[in-house]
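The values are calculated or read from the model by the stated rules, or taken from the named source; none is laboratory data. Since this is a predicted model, take the numbers as computed values, not measurements. No Cβ is skipped: glycine too gets one built from the backbone with ideal geometry, and neighbour counts run over all protein chains shown.
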Amino acid sequence: MNNSRRRFLQQLTLSALAVPALNAYPFPLSHQSSGLANDKPILKVALMGLGGYAERVAEAMQSCTRAKITGLISGTPEKLKTWGAKYNVAEGSRYNYENFDQIKDNPEIDAVYIITPNALHHSQTLRVAKAGKHVICEKPMAINAQEGQEMVDACAAAGVQLLVGYRMRFEPNTLKAVEMRETGKLGKIKFFQGQTGFKIGDPNQWRVNKELAGGGSLMDIGIYAINGARYMVGEDPIWVTAQETKTDFETFKEGVDETILFQLGFPSGAVASCLSTYSMNHLDRFYLVGNDDFVEMQPSTGYGPIKGRTKNGPLNQPHTVHQTVQMDEMAQIILEGKKPILPVDGKVGLQDLKIIDAIYRSCDTGQRQELQLG
Ligand code: NAD
């Protein structure tokens, strides 16, 4: 039995003792009720980049029991004021992009959650690490593997943790599917299909600006199929092939991918076929096939409720607010060294970036790319 499988089964046993009625669901349902756990340490988090996703995170964190918002970083003074009042963040813990290095002297901040456009993650992570604070960084962790490696190294050198906002890695239906694979219920895994995409709106947004996004759909939404292929199949790929198609050259300029098809090969012989796109809706589906059963998840990576089924019927795990669970779990990872069932650390983020680099290389060259994820 490999280490991750042993750890998974151990955690499952512990959680089964704690919440027997919930079968595989390994996290306490206290997330549903708000209120901080007074007897346990609380992770004090500064949010950086007060845009759309940060708003969702901030609302979800109101129900956290182990994490709270204690700092804000934004380039817009008005936002610092309104968010500061709304989330009760002291004026002395509100920063802008010029002065946020001063968080190093603020004991009210343990970690910074970076929720800015992709291309900013690298330099911001380096600055947060230098200030001696833990980093939680949104996906994609950076815009290429070289940057990702520098982030991992900088956090290690500073003695701080680096985690990536892979919220699906805490989602109950997802973990049920992973458990079924780990305990052999699906038989030998043969095939994974990951379809991820949506129609992008405003052609002027940063997501289609190479400078800020680092690419196109693959960086933003295709990464869910990459990351998902790894936790659903339970292996890391050893090769990739990829093909790009483009129909709208106005919106999707040079270096900004509209649609990419990619295939992954795994050491066991399992294969994956994935689609990443910014020009189609109704694409949020995972399909995992083993010799004995399948798991279909649709929706598979949206904000939920996530739905999954096997040949025996629905997975039926509880719906959770992903960001609430993620932040409570990350608090325990950072403060207590808790080992999550599926890792969310910088190494995982870096491995995804190595796959992304290889997918782009394969699109450019038409050649299969061998992968060594490390
Ligand atoms: P957004 O455009 O809504 O917000 C981005 C924020 O960054 C804005 O407040 C903007 O003012 C700020 N910003 C700071 N410097 C900037 C600059 N130089 N240029 C432009 N904006 C700048 O975007 P979002 O949807 O909140 O995405 C932010 C990050 O979160 C991205 O990395 C994205 O991939 C990630 N994200 C993750 C999820 C998830 O489910 N995990 C969902 C959405 C977004």
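If you take the residues of the stretch 195-205 that are closer than 21 Å to residue 363 by Cα and within 12 Å of the ligand (Cβ to nearest atom), which of them is nearest to the chain's Cα centre (by Cα)? Per the criteria, the residue is 196. Filtering the stretch 321-329 for residues that are surrounded by fewer than 17 Cβ atoms within 10 Å (Cβ to Cβ) and more than 30 Å from residue 208 (Cβ to Cβ) leaves an empty set. In the stretch 211-225, which residues are buried (at least 17 other Cβ atoms within 10 Å of the Cβ) and either away from the ligand (no atom under 14 Å from the Cβ) or part of a helix (DSSP H, G or I) (or both)? Result: 213, 217, 218, 219, 220, 221, 222, 223, 224, 225. Just one of (1) outside the structural domain of residue 228 (by TED's automatic domain parsing); (2) surrounded by fewer than 17 Cβ atoms within 10 Å (Cβ to Cβ) fails for residue 366. It is (1). Please verify whether the stretch 108-129 includes one or more residues that are outside any helix (DSSP H, G or I), surrounded by fewer than 19 Cβ atoms within 10 Å (Cβ to Cβ) and more than 14 Å from the ligand (Cβ to nearest atom). Yes - at least one qualifying residue is present in the stretch 108-129. Residues that are among the hydrophobic types (A, V, I, L, M, F, W, C), over 20 Å from residue 123 (Cα atoms) and over 12 Å from the mean Cα position of the chain (by Cα) within the stretch 206-232 comprise 208, 218, 229, 232, listed in sequence order. Residue-level analysis places residue 254 outside the set of residues that are farther than 18 Å from residue 360 by Cα, free of Cβ contacts under 8 Å to residues at least 60 places away in the same chain and among the charged types (D, E, K, R). Within the option set 72, 36, 47, being assigned to a loop (DSSP other than H, G, I, E, B) and either crowded, with 21+ Cβ neighbours inside 10 Å or at pLDDT 50 or above (or both) holds for one residue only, 36. Scanning the stretch 168-185 for residues that are within 21 Å of residue 138 (Cα to Cα) and outside any helix (DSSP H, G or I) yields a single hit, 171.
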